[in-house]
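To start, I am sharing the structure in question, which I have written as structure tokens.
The values are calculated or read from the model by the stated rules, or taken from the named source; none is laboratory data. Note that the structure is predicted; figures quoted are calculated from it, not measured. Backbone-built Cβ (ideal geometry, glycine too); neighbour counts: all protein chains shown. Surface accessibility is based on the protein's heavy atoms, side chains included, excluding ligands, DNA and RNA. Shrake-Rupley method; radii C 1.70, N 1.55, O 1.52, S 1.80 Å.
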Amino acid sequence: MHLNTIKNQAIALAGVAQSAALVQQLATQGKTDQSALENSVASILKIESDSVEAIFNGLSGIKLGLEQLNQQLNGFQISNPEQARYAASLVFLEKQLSKRPDLLKTISQGIEKAQQQRDHFGLLHENVFANLGDTYHNTISTLQPRIMVNGEQNYLSQPEIVNKIRTLLLAGIRAAMLWRQCGGTRWKFLFYRKKLQAEIENLLKQI
């Protein structure tokens with residue numbers, strides 16, 4: 001499987017954007033796009049896959065991320081600075097995480113446990129979110145700078161919403177890892193912006 005293509009880079013980056021968008025929805029509205037949530041959470045548990053798009057259950061599974069990314073890249077102003085900050089932080093933290101085999105091992109164990117829980121309870125069960133949320137908290141939350149999520153306090157004080165947010169940040173790290181595996185770099189993002197945007201628009205037409 002040849003990973004290093006602009007298509008795969010666009011899909012992986014859309015995965016990061018989708019996680020950031022879902023985190024913002026949960027933090028500010030207490031609810032979220034259910035099908036995007038399901039596909040982002042499922043992507044954490046897909047360790048082996050035939051293609052990058054299959055990790056997100058096809059292009060439709062990453063539609064929200066592609067739309068958000070298209071908005072962010074269209075025009076000179078960042079349309080949603082908060083989401084852009086989450087996405088940039090996820091890419092930055094994933095790079096740090098890649099140098100920490102101890103944390104990667106802990107994450108891998110958490111994912112194995114989540115796969116068993118999914119088979120037993122179903123993917124969107126609170127036990128799955130609690131386990132993946134704890135996994136994020138015990139690993140990525142220990143790296144600097146920590147991602148500070150802004151939103152409504154009455155949502156951010158609810159444990160089940162906090163677990164979902166942490167799980168989605170873990171999904172964002174998974175997508176950032178894919179972006180790097182597909183040859184994505186900060187340099188590419190800056191210099192191939194037009195190419196990326198054309199690819200994203202092309203992918204959106206296929207959904």
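Among 99, 113, 105, 164, which is the only one that is in a loop (DSSP other than H, G, I, E, B), charged (D, E, K, R) and open to solvent by 20 Å² or more (accessible area, probe 1.4 Å)?
Sole residue among the options that is in a loop (DSSP other than H, G, I, E, B), charged (D, E, K, R) and open to solvent by 20 Å² or more (accessible area, probe 1.4 Å): 99.
Restricting to the range 56-80, and then to whatever is outside any helix (DSSP H, G or I) and in contact (Cβ under 8 Å) with a residue 24 or more places away in the chain, can you tell me which residue is nearest to the chain's Cα centre (by Cα)?
Checking each candidate, the answer is 56.
So, one more: Taking residue 145 as the residue in question, decide whether it is more than 19 Å from residue 30 (Cβ to Cβ), open to solvent by 40 Å² or more (accessible area, probe 1.4 Å) and without any contact (Cβ under 8 Å) to a residue 24 or more places away in the chain.
Spelling it out, it is not the case that residue 145 is more than 19 Å from residue 30 (Cβ to Cβ), open to solvent by 40 Å² or more (accessible area, probe 1.4 Å) and without any contact (Cβ under 8 Å) to a residue 24 or more places away in the chain.
Mind listing just one residue for me: the one in the range 167-200 that is not in a helix (DSSP H, G or I) and not hydroxyl-bearing (Ser, Thr, Tyr) and, of those, farthest from residue 12 (Cα to Cα)?
Among those that are not in a helix (DSSP H, G or I) and not hydroxyl-bearing (Ser, Thr, Tyr), it is 183.
Right, next: Residues to consider are 185, 139; find the one that is free of Cβ contacts under 8 Å to residues at least 24 places away in the same chain and within 24 Å of residue 47 (Cβ to Cβ).
185
Look through the range 82-91, keep the residues that are more than 15 Å from residue 143 (Cα to Cα) and under 12 Å from the mean Cα position of the chain (by Cα), and return whichever of them is surrounded by the fewest Cβ atoms within 10 Å (Cβ to Cβ).
Step by step, filter the range 82-91, then rank; the result is 83.
Which is in contact (Cβ under 8 Å) with a residue 40 or more places away in the chain, more than 30 Å from residue 29 (Cα to Cα), buried (at least 20 other Cβ atoms within 10 Å of the Cβ) and of a type outside the set (Val, Ile, Thr), of 94, 199?
Testing whether each residue is in contact (Cβ under 8 Å) with a residue 40 or more places away in the chain, more than 30 Å from residue 29 (Cα to Cα), buried (at least 20 other Cβ atoms within 10 Å of the Cβ) and of a type outside the set (Val, Ile, Thr) leaves just 199.
Rundown of residues vs (1) of a type in the set (A, V, I, L, M); (2) assigned to a loop (DSSP other than H, G, I, E, B); (3) surrounded by 24 or more Cβ atoms within 10 Å (Cβ to Cβ), yes/no style:
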| site | (1), (2), (3) |
| --- | --- |
| 13 | yes, no, yes |
| 17 | yes, no, yes |
| 22 | yes, no, yes |
| 28 | no, no, no |
| 32 | no, yes, no |
| 35 | no, no, no |
| 44 | yes, no, yes |
| 47 | yes, yes, no |
